[in-house]
1. Here are the criteria: (1) open to solvent by 30 Å² or more (accessible area, probe 1.4 Å); (2) within 15 Å of the ligand (Cβ to nearest atom). Tell me which single one ASP432 does not satisfy.
2. Residue check, LEU87 against (1) more than 26 Å from the chain's Cα centre (by Cα); (2) open to solvent by 10 Å² or more (accessible area, probe 1.4 Å), all met but one. Which one?
3. What is the number of the single condition among (1) within 10 Å of the ligand (Cβ to nearest atom); (2) touching a residue at least 24 places away in the same chain (Cβ under 8 Å) that ILE421 does not meet?
4. Residues that are in a helix (DSSP H, G or I), within 18 Å of ASP461 (Cβ to Cβ) and small (Gly, Ala, Ser): does segment 400-410 have at least one?
5. Which of the residues spanning segment 26-76 are open to solvent by 60 Å² or more (accessible area, probe 1.4 Å) and part of a helix (DSSP H, G or I)?
6. Inspect all residues belonging to segment 450-473 and state whether any of them is over 17 Å from CYS245 (Cβ atoms) and among the small types (Gly, Ala, Ser).
7. So which residues in segment 435-459 are more than 13 Å from the ligand (Cβ to nearest atom), open to solvent by 40 Å² or more (accessible area, probe 1.4 Å) and in contact (Cβ under 8 Å) with a residue 24 or more places away in the chain, if there are any at all?
8. Yes or no: segment 187-194 includes at least one residue that is closer than 19 Å to VAL264 by Cα and at pLDDT 95 or above.
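The values are calculated or read from the model by the stated rules, or taken from the named source; none is laboratory data. The model shown is predicted, which means the values in this text are computed figures rather than measured ones. Counting neighbours? That spans all protein chains shown, and the Cβs are built from the backbone with ideal geometry, glycine included. Note: accessible area is taken over every heavy atom of the protein model, side chains too, but ligands, DNA and RNA are not part of it. Shrake-Rupley method; radii C 1.70, N 1.55, O 1.52, S 1.80 Å.
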Amino acid sequence: MGAKEACAVVGAYSTRGTDVVQKILKALEALQHRGQESWGVAVAGKPAFKRMGLAFNWVNFARELAQYKGPSGIGHVRYSTKGRSNLGNAQPIQFGNEFSMGHNGTIFNSEELKKTVLSQRASVDCSTDTKVVGQRLLQILREENDWFWTLERLAKEVKGAYSLAILNKRGEVFAVRDPRGYRPLSIGFHKKSGTHIAASESCAFAAVDAEFVRDVEPGEMIRLGGPKRGFESFRFAPKMEPAHCSFEYTYFAHPSSVINGVNVYEARKSVGRILARRKAMKGKVVIPVPDSARPAALGYSTESGIPLDEGLMKDRYRRKGSMRSFIEPRQGGREEVVKRIIPIKETIKGKDVIVVDDSVVRGTSSDIIVEALRAAGAKSIKMAITFPPIMHPCYMGVDFPNREELLAYRVARGETDVDAIGAKVARSLGVDEVRYNDIDGLASAIGLPKESLCYACVNGDYSKLTLPERAKGSKA
Ligand code: SF4
């Protein structure tokens with residue numbers, strides 16, 4: 001625990017002209033785990049409605065929101081990776097009179113792209129990567145006057161992760177996923193109202209009684225409500241080897257979501273099973289770090305035969321008790337969240353504990369958890385970590401701290417063997433043993449081809465941060 005990721009997007013279009021704003025708001029609530037700093041919705045012909053804080057607070061603005069109605073719209077919850085956490089950077093953001101846009105991801109070459117944008121018009125706001133890519137999109141759109149050719153050109157300029165929800169001035173909604181498919185994006189359908197919904201994760205569909213239809217493919221643009229009214233698919237970039245973020249499966253995404261055909265809960269259980277098989281440790285009780293490591297701990301327990309018990313509980317009734325430490329913007333805030341985890345002495349006292357966690361980033365959260373387990377009387381503490389050692393930064397949408405702050409890098413730089421890294425991290429945390437998963441174990445737990453996943457924060461391989469190899473997609 002202890003890193004952060006940028007955002008979730010939603011887009012909706014009803015072929016029957018039904019108002020979609022309530023559905024967008026409910027979908028944003030369901031996606032809250034991806035961003036807890038600010039939220040916003042946009043419908044055609046109005047400035048976006050945006051507020052700081054949690055999306056479920058929309059009920060406090062029901063009167064103002066009553067003026068926001070329409071058969072199409074987009075929404076966004078934000079966690080900042082680039083740019084400050086303030087209302088000016090909250091999304092959706094409007095670009096000219098042409099469109100509003102929400103973005104999940106990080107644009108790797110935003111500085112380069114910014115120079116291109118400013119060379120055409122020096123006065124535009126390029127203070128975040130989302131604003132840079134939106135401004136460039138606007139410039140190209142004004143030249144091309146066609147969304148497909150605009151995205152086809154944009155893909156040749158932009159390196160990085162972008163899942164986008166775009167609402168244009170005609171009320172058409174576009175769901176766009178970058179050619180590598182770093183961040184998730186999927187489509188659902190609400191039959192009764194004839195509404196297609198695009199959302200960062202499929203968990204949003206259950207919140208609005210919609211059915212999951214499918215993932216948006218990497219390099220695909222889906223238009224909702226174009227001249228054909230319904231759903232149209234375009235490939236704006238040629239097929240490239242995907243680089244789906246492996247961290248989504250172990251930490252970030254909601255367990256109920258299906259991403260690239262894989263259910264996150266099953267992947268987490270499987271990662272626990274594989275870790276117990278490949279990196280077995282002896283202990284008397286398996287304890288999950290709440291909440292994201294719970295399925296992995298269950299898998300670990302099932303495979304090892306060591307009983308599972310709840311030894312660490314989130315205090316949900318205090319301020320920040322229900323928040324996720326990962327997406328707290330300040331380090332102090334993250335620690336505050338972890339401190340809201342209360343140990344249960346009766347489960348821990350006098351026992352050899354195997355604590356299962358999804359990741360170690362700075363190690364500050366782990367320190368607090370180890371301290372709590374010691375205070376509760378654990379006889380020995382071993383840690384099973386489902387994500388391999390994080391040794392490198394992420395430029396594709398997860399804001400890990402700088403390299404010097406990453407615990408595994410700090411204590412084991414130059415080391416590549418996960419067991420040797422685990423031994424050094426164990427010494428640093430003052431625990432008896434740390435067993436990390438490795439890339440092979442992680443890929444086999446997720447169940448997707450190893451080469452279709454990204455592990456750049458583990459192995460420093462950023463070779464997929466490239467532009468499409470061939471020039472054109474297809475407008476078929
Ligand atoms: S570098 Fe790590 S966190 Fe970033 S996209 Fe790749 S796997 Fe995900």
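1. (2)
2. (1)
3. (1)
4. Yes: one or more hits.
5. Passing the criteria: LYS26, GLU29, PHE56, VAL59, ASN60, ARG63, GLU64.
6. Yes; the residues of segment 450-473 include at least one that is over 17 Å from CYS245 (Cβ atoms) and among the small types (Gly, Ala, Ser).
7. Across segment 435-459, the qualifying residues are ARG435, SER444, GLY447, GLU451.
8. Yes: one or more hits.
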